[in-house]
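Structure, as structure tokens:
Read the figures in this text as sums done on the coordinates, not as results from a lab. Note that the coordinates shown come from a computational prediction; the quantities given were computed from them, not determined experimentally. Using ideal geometry, Cβ is built from the backbone for each residue, glycine included, and neighbour counts are taken over all protein chains shown.
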Amino acid sequence: MNKTKRDYELLSAYIDGELSAGEKTALEQKIKSSLELKKKLEDLKKLKQLTTSAYSPLDESPYFETRLFAEINSRKPWYYKIRKWTPAIGFALLTVALLVVLKYNPGIIKNIIEEQKSNIAGFYKENLQPLLYAADLNNEDIFNFALYKQLPLDKNKKEYLLLGNDKTGREYFEIKHKDKNLGKDNFKKFVTALDLNRKQREQIDSILNQYADELKLQVLVNKQNTVAINENLWNYRKAILTDLMSFAEKTSGNEFRRMMPRTVSFTNNPELVSAANKLRMNKSKNYIILTPDSIFSEELDLGKKDVEKGLSELKEKLEKQDKGIKSFSVNIRYDSTWKKFNNKVNWSSNYKITIDTNRCRVDLFDFPSLNMHLPHMDSLSSMLDSLAKHFNNYSYFIPEFEYSGDSLKFHFNGDSSRTYKFKNFGFDIDSLMSSQGILLDSLRSNNWNQFYNFNDSLIWKNFPGFENYFRSFKDRDDIREQMQELKEELRKFREEMKQWKKEFRNPREFKTEKEVNIK
Amino acid sequence: MNSKNKEKDLQQPQILKLDDDFSLIKRFIDEDGSAFRILVQRHKEKVRNIIFMTLNSSDMIDDIAQEVFITVYKNLKNFRFESQFTTWLYRITVNKCKDYLRKKNVRKIFVPIKDAEENFQYENPVESNDISKIVMNAISKLPYKLKVPLVLKDIEGFSYQEIAETMEIEIGTVKSRIFRAREGLREILKPLEPELR
């Protein structure tokens with residue numbers, strides 16, 4: 001590079017202000033002494049002015065950012081774009097996989113479901129054992145079952161099986177964590193109300209024991225909270241009730257009459273009794289199996305003879321050796337291999353299941369036929385319900401009392417905390433008639449399902465609920481004799497009334513069961 | 001307000017301005033999507049102007065500017081904070097322009113003669129009486145390596161140091177190229193001197 005050109009280059013940098021202080025001073029000295037450099041400097045300055053002023057800024061691009069970010073998003077890597085399609089792609093692949101599997105193995109889903117069902121069923125059916133031992137049922141429980149349709153499944157957990165009928169007569173059962181608040185000693189009260197002697201008590205006990213043996217295979221339970229209920233259970237209950245009532249009627253006719261309307265008779269209803277007997281013979285293998293997560297019905301072949309043998313042996317052992325044993329388990333052999341299961345199990349939606357916090361109710365729609373029928377039992381059911389409500393009124397325990405001279409002092413244990421003390425006592429015979437009048441009035445008003453306390457004992461009106469304690473008084477037998485006579489007269493009186501009513505009222509309303517049968 | 005506070009208020013914006021691009025880049029690295037949008041808003045006009053001055057054509061400005069910012073977006077996470085963001089940004093801009101011109105020159109070979117003539121006629125400076133346009137057209141006739149330093153210096157107001165970093169050349173080379181550019185410009189404009197007066 002020659003010297004002049006180098007100086008020109010420095011001039012260019014000079015007008016740009018890019019020379020160091022030393023270079024600048026040296027160049028300025030040179031410019032002063034050189035006309036050529038001066039001219040060149042002017043020339044360069046002019047040129048720089050031209051280029052600087054030539055520029056006019058561009059107009060802004062309004063959609064620059066919008067375009068840019070759209071472009072950036074569209075240029076994201078493929079895996080980034082594909083990410084939002086992942087669920088759709090997943091479903092698509094799954095569908096294709098399913099199609100392929102179903103194409104070559106069409107029954108697979110059904111098989112899986114059936115297998116799962118059988119696994120579930122198998123799990124829940126393990127170690128089913130008779131309720132009688134599992135829940136340690138006694139005669140009181142069986143009595144409550146017959147009369148109040150309540151059977152405890154687990155007393156510790158307060159779990160109860162309740163049977164019932166809805167308004168249309170359809171049967172249902174409930175498993176509840178709360179009992180019906182039945183009170184204690186119902187069976188004992190019933191026995192007391194019937195005024196049974198020791199022998200008769202033993203008889204009624206043995207009836208319940210017999211049914212207990214039958215009942216033990218009707219309800220099975222296990223630790224998996226499974227409950228298997230035989231389809232016959234509803235009829236079994238009726239059979240127990242029929243047997244209990246006919247026994248009560250036979251042995252304590254009068255006491256039974258007091259509790260039941262005179263039109264109700266079990267002994268005069270041979271069809272009912274024979275049906276109840278047949279029912280005991282009827283064996284059904286069909287069980288409704290209720291598990292914590294499913295309900296199905298299945299035939300369980302329990303090998304009943306073996307079970308019964310095993311159970312009776314255990315029972316003997318219990319009685320002989322250790323009375324303290326509360327429960328023990330019995331294994332029941334049954335065939336639940338899934339092939340067999342598959343053919344016989346009924347998963348159809350025949351059940352309506354209602355569950356809330358403390359109960360599980362199962363309504364049975366087209367349940368496999370309960371082929372036994374107890375004649376006239378349905379018409380009796382409302383009256384039996386009344387009996388269940390009322391028999392307590394006829395059952396009085398003899399209170400402890402102290403007798404000194406002319407005063408009596410009673411100590412009430414149980415129902416009452418009160419102590420009565422009175423000096424004088426007497427009988428109000430008239431009250432007997434007035435009470436009878438109430439009953440007759442109720443007949444007249446067509447309201448014949450309504451029962452009053454038919455207190456034919458000596459009534460002390462001023463002490464409601466107290467009058468029957470006279471039955472325990474020392475001259476009780478004399479009073480009873482008198483009462484029997486009175487009762488007999490009343491019975492005759494009732495017969496007359498009945499005849500009289502038949503003549504003047506619509507006969508349909510007063511048909512007795514007996515009359516219906518004859519027709 | 002006392003004098004100390006006043007001082008603080010005056011100093012603070014300057015400090016912020018210095019670190020602003022860096023802090024935005026840090027926010028972008030921390031997955032803050034709005035930071036990149038601010039960077040674009042701040043620098044897009046400068047980038048567009050450099051492109052315009054370098055190519056002397058408004059057709060492709062936005063397309064190339066988009067390419068520039070897409071390149072920035074892709075590589076911003078690897079920014080090393082060793083030089084200013086703008087230096088890096090303008091380097092990318094200049095390189096994009098260079099790429100475009102290279103491709104354009106290759107394409108020119110295949111353009112029909114007729115079209116090429118039309119283009120030439122359109123760019124003929126004599127037809128324009130506007131001094132600015134005459135000068136801009138003259139600049140556009142300079143070779144790329146002379147034109148860019150001149151534009152960055154005279155129009156964008158870069159220092160020689162910044163031009164050297166942007167174009168990845170020595171400062172001496174910048175000095176020489178700018179002088180040569182001016183010499184070339186003078187030669188181009190010589191016949192048009194009467195119009196420039």
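Key figures for this structure:
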read-out: Loop GluC sites (Glu not before Pro), region A:1-97, which have at most 14 other Cβ atoms in a 10 Å radius of their Cβ (DSSP); value: A:E60
read-out: Across B:K26/B:K74; A:K45/B:K141; B:K74/B:K153, pairs whose alpha-carbon gap is larger than 19 Å; value: A:K45/B:K141; B:K74/B:K153
read-out: In Hz, Karplus ³J(HN,Hα) per residue of region B:65-80 (6.51, -1.76, 1.60; θ = phi - 60°; x = Gly, Pro); value: 4, 4, 4, 4, 6, 5, 4, 4, 4, 5, 9, 5, 5, 9, 4, 9
read-out: Sites B:D130 and A:T95 - FRET efficiency at Förster radius 45 Å, r taken between beta-carbons, to 0.05; value: 0.10
read-out: Gain in span if fully extended, A:E71 to A:D185, counting 0.36 nm per residue against the direct Cα distance; value: 32.3 nm
read-out: For residues of A:62-68, the mean tally of beta carbons on other chains within 10 Å; value: 5
read-out: Of A:K117/A:K149; A:K5/B:K175; B:K77/B:K104; A:K48/B:K190; B:K44/B:K77, those spanning more than 21 Å from alpha-carbon to alpha-carbon; value: A:K117/A:K149; B:K77/B:K104
read-out: Computed magnitude of the charge dipole of region B:42-100 (debye, nearest 20; Cβ of K, R +1, Cβ of D, E -1); value: 300
read-out: Value of relative contact order over region A:3-54, rounded to a whole percent, pairs C-alpha under 8 Å and six or more apart; value: 40
read-out: Under-5 Å amide H pairs with B:F158, H placed in peptide plane, nonlocal only; value: B:K153
read-out: Cα-projected label distance for A:E488 with A:T86, points at 7 Å along beta-carbon direction, nm; value: 9.8
read-out: ³J(HN,Hα), Karplus 6.51/-1.76/1.60, whole Hz, each residue of region B:141-158, x for Gly, Pro; value: 7, 5, x, 3, 5, 8, 5, 5, x, 5, 4, 5, 7, 6, 9, 8, x, 6
read-out: Where labels lie 7 Å past Cα in the beta-carbon direction, separation of A:N254 and B:S83 in nm; value: 12.6
read-out: Cα-centred dipole magnitude for region A:3-54, charges only on beta-carbon of K, R (+1) and D, E (-1), debye, nearest 20; value: 200
read-out: Virtual spin-label span in nm between A:N268 and A:S20, 7 Å along Cα→Cβ; value: 14.1
read-out: Tensor-based shape of region B:11-98 (alpha-carbon gyration tensor, a/c under 1.5 rounded, otherwise prolate or oblate); value: prolate
read-out: Average other protein chain Cβ within 10 Å of Cβ, residues B:137-145; value: 1
read-out: Charge dipole (region A:3-54, unit charges on Cβ, about Cα centre) - positive-most of A:G17, A:T52, A:T4; value: A:T4
read-out: At R0 = 51 Å, FRET efficiency that the Cβ-Cβ distance of B:Q41 and A:N105 yields, to 0.05; value: 0.25
read-out: FRET efficiency estimate (nearest 0.05) - Cβ-Cβ, A:K46 to B:R91, R0 30 angstrom; value: 0.45
